[in-house]
Amino acid sequence: MYRTDRLCVVVSGTWWCNSGDDFDPGSAVPVPAGGFVRRVAGTPHYDGVLADASQPAVIAISGLGPVDQTWIDPTQSWWRRT
């Protein structure tokens, strides 16, 4: 979660995104190049790229600082391969 909103544009590739307290990659939705995602302040979320994707996703993210990230479950790694 972030303290302030983040505005995200997918520059290339496909970015898979979802929001919520539960980490459920199967429920993530694809955001193709040119797509827009608004990360609302204080909302838990997760995102990534499929392991077998043919290209990486390049995301342009803007927002006001400070970021102050909060992890929902700090016992879990922030990076996970699914």
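About its Cα centre, segment 4-61 has a charge dipole of approximately 280 debye under the convention of +1 per Lys or Arg Cβ and -1 per Asp or Glu Cβ, with nothing else charged.
Longest stretch of the chain clear of exposed loop sites (trypsin sites (Lys or Arg not before Pro), DSSP loop, at most 13 other Cβ atoms within 10 Å, sites excluded): 1-79. Note on the chain: Cα-only Rg and Dmax are 12.7, 34 Å. Averaging the sequence gap over all C-alpha pairs within less than 8 Å and six or more residues apart, then dividing by the number of residues, gives the chain a relative contact order of 44 percent.
Quick note: the coordinates plus some simple rules give every number you see, no bench work behind them. Everything numeric here is computed off the predicted structure, so don't read it as measured data. Ideal geometry is used to build each Cβ from the backbone, glycine not excepted, and the neighbour counts take in all protein chains shown.
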